[in-house]
Amino acid sequence: LATSGNTESSSLNSGFQVAYAQEKWLHEATAAAIQSSESDATTAEAYDLGWNSRRSFTEQDFLFGRLDWRKDRFSSIEEQFSQTVGYGRRLLNKDAHALDAELGVGARQSDLADGTEESESIFTGRMTYKWTISETSTFGQALLVESGSSNTFSESVTRLSTRIVGGV
């Protein structure tokens, strides 16, 4: 999504997700960028990259490993990298609805805006919901919480996807 207008302001919000599944494995890569400016001055700039691998060992249970990198020019935490592993379970698995819950542990390294660095152990929790509205439309909601001794990071992402043109 990109917008601009006659007020000399512009914003860009972009995201990308690709997944590969084979037998009991699922691998996902994600990327996102946010940028905003007004009168040629940048007012927001943030980037996210992520990798998630999971291996199912029953129809409902899986193990996961996740890597997340974040950079935000306008935050007290300029750059952050986290690594987590854990257990997940599919709580709801209906034709149109799926709900996954994950709990994990890991580590996080942060470069702070004041020039200092932090490394800490973290606990993570994540809930992911997907509703298949029709053959061409889906709704998704994901909530992630990473908590360490000095910082708790939380992220909520809502998605609505629809295919306007193309075959099934």
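Summary of computed values
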item: Heavy-atom SASA rank of Arg163, Arg73 (probe 1.4 Å, accessible area, largest first); result: Arg73, Arg163
item: Rounded to the nearest 20 debye, dipole of region 1-126 from Cβ charges on Lys, Arg, Asp, Glu; result: 760 debye
item: Candidates Ser56, Ser37, Ser134: whichever shows maximal mean-square fluctuation once the chain is modelled as a Gaussian network with Cα springs under 10 Å; result: Ser134
item: Test item: Cα-centred dipole of region 95-166, Lys/Arg +1 and Asp/Glu -1 on Cβ, debye; result: 440 debye
item: At 0.890 mPa s and 25 °C, Stokes D of region 64-122 from Kirkwood alpha-carbon radius, µm² per second; result: 184 µm²/s
item: Cβ-defined net charge surrounding Glu23, 14 Å radius [Lys, Arg +1; Asp, Glu -1]; result: +2
item: The chain, accessible surface, carbon-and-sulfur percent (1.4 angstrom probe); result: 55 percent
item: Candidate lysines - alpha carbon under 29 Å from Lys94, same-chain residues fewer than 8 apart omitted; result: Lys24, Lys130
item: Rounded to the nearest 10 Å², the accessible area of Tyr87 at probe 1.4 Å; result: 100 Å²
item: Cα gyration tensor shape of region 22-108, rounded if a/c is under 1.5, else prolate or oblate by comparing a/b with b/c; result: prolate
item: Residue with peak Gaussian network fluctuation, the chain [Cα springs, cutoff 10 Å], from Val85, Val18, Val105; result: Val18
item: Average accessible area per residue (Å²) across the chain - probe 1.4 Å, nucleic acids and ligands excluded; result: 65 Å²
item: Normalised per residue, the volume of the convex hull around the Cα set of region 50-168 (Å³); result: 121 Å³
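The values are calculated or read from the model by the stated rules, or taken from the named source; none is laboratory data. As the structure is a prediction and not an experimental result, all values here were calculated from the model. Ideal geometry is used to build each Cβ from the backbone, glycine not excepted, and the neighbour counts take in all protein chains shown. For the accessible areas, the whole protein counts, side chains as well, though only heavy atoms, and no ligand, DNA or RNA atoms are used. Shrake-Rupley method; radii C 1.70, N 1.55, O 1.52, S 1.80 Å.
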